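Notes follow once the structure below has been shown.
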Amino acid sequence: MRNLSIGLISILTGIVLTVVVTWNSIFYAEPGYVYHVRTILGDEHVVSDVGYQFYLWGRWNAWKRALTVQAVKGGDSTVSYVEVENSETSAALPPLKIMFLDQVDAAAEATVRFSIPTDQEGFTRLAHEYRTPANLLRTAIIPAFKETLQATASLMSAEDYYSGGRTEFNTEFENQMSNGIYIVKREEMLISSQRKISGSANASMGASQEEYGDEAKAVFVVRKVTDANGTPRRKDQKFTQFGISVVDARITDMTPNNRFVERMQLKQKASADRAIAREQRIQEEEQRLLAIARGEREVAERQAKAKVDQIQKTTEAETDKQLAVTSATKMKEQARIEKETAEINLEKARIEAETKRTLAEAEAYQKEVILKADNALAQKLDAEIEIHKLWADAFARRSVPTNVFGGGAGAGAPQGSDTEVTAFMQMLTLDAAKRLAYDREIGKGE
């Protein structure tokens, strides 16, 4: 029983010791933080992983991986919640008073986010130098933030800023926060206006007055100091030596003083009045030009109409001329064609006559040859046949009495008998043969 009690006491003691050791030697590493851990043995290391970490009765403190410095309305100029996990900001400052190049002050609101190193060597050196994030913010980052903001304001005037230079201002602010502040030199310059003002005291000179006043004004210009290579010289940001880099830098708001606002309002009103007057002058000028343009248009229309009439008459005259020329040319061409046609017809007639004459001569020659060959027997025979046809036709159509009475023997044929007609026809044939005087024999060719 006693041994059991001793065993329980030992177990409870071990549990208590384990809890005590665990309670004082383990912590949970949150995401987005880097932890500087120092053990009871004098060792130190960097924890950037998420999860439970063992530090053996040592000490540790949390550093945000990204520290945010803001100048906003409602800031209290204190470094708050810098080592509290899950806090949103590292330093919230009120709007910073800055002075532009033209001596106009303004309240600037800006935000800059810094990233700290997470490697063993860089973070350890940073932790040794500043010990806590609050010291880093108070002694290095916030002063650099304020100095850079003011240095950027010194590069331009408030009028330039509100006249379209906001983007340039933001760019220069981020550039100087990351790479260092420009070393500048402020100079006063005398600028002469190109617009000259003429006096009007001498009325006899009319519009040709003598110039007075040089319209010169003094302005301040900030020039960046450069090295032998022309590169601007800079004042390095000290925090960059410890591996701290600028993640983002923005100017969120810029509120100038009331006097500048009133001046800008008056300037805007004057500019608006000038713009209205200029528009009215332009309108009057446009009206004048419109009247001139209308007059010129009417003159141009009349001139155009007269020119159109002139062109039309000229065109008609030219057309008549061309028509006359065309008609004359047509008649001339027609006469030429008729002449050529007559010549062609004459030549054709001559050729046809020559052809006919040649054909006639050929035919005559052919007939002559034929006649010489057969003593014109064929023609003679045709003539004889034609004669017999005529006699036969006449004989056939003769009037013959119905009854013919003949005499006795030796008394001869009665009048109108066939014998009588036959004898008559034979006589006529003999007479025709005599007149034809042809020989039915075929002659010998020569």
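No lab work stands behind these numbers, since they all come straight from the coordinates. As the structure is a computational prediction, the values presented were derived from the model and not from experiment. With ideal geometry, Cβ positions are generated from the backbone for all residues, glycine too; neighbour counts draw on all protein chains shown.
Step through the table entries Lys97/Lys235; Lys146/Lys235; Lys185/Lys224; Lys185/Lys235, compare each Cα-Cα distance with 18 Å, and write down the pairs that go over it.
Values: Lys97/Lys235 22 Å; Lys146/Lys235 14 Å; Lys185/Lys224 6 Å; Lys185/Lys235 13 Å.
Among Lys97/Lys235; Lys146/Lys235; Lys185/Lys224; Lys185/Lys235, the Cα-Cα distance tops 18 Å for Lys97/Lys235.
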- Message: Placing +1 on the Cβ of each Lys and Arg and -1 on the Cβ of each Asp and Glu in the stretch 263-326, which of Ala317, Met264, Ile276 has its Cα farthest towards the positive end of the resulting dipole?
- Response: Met264
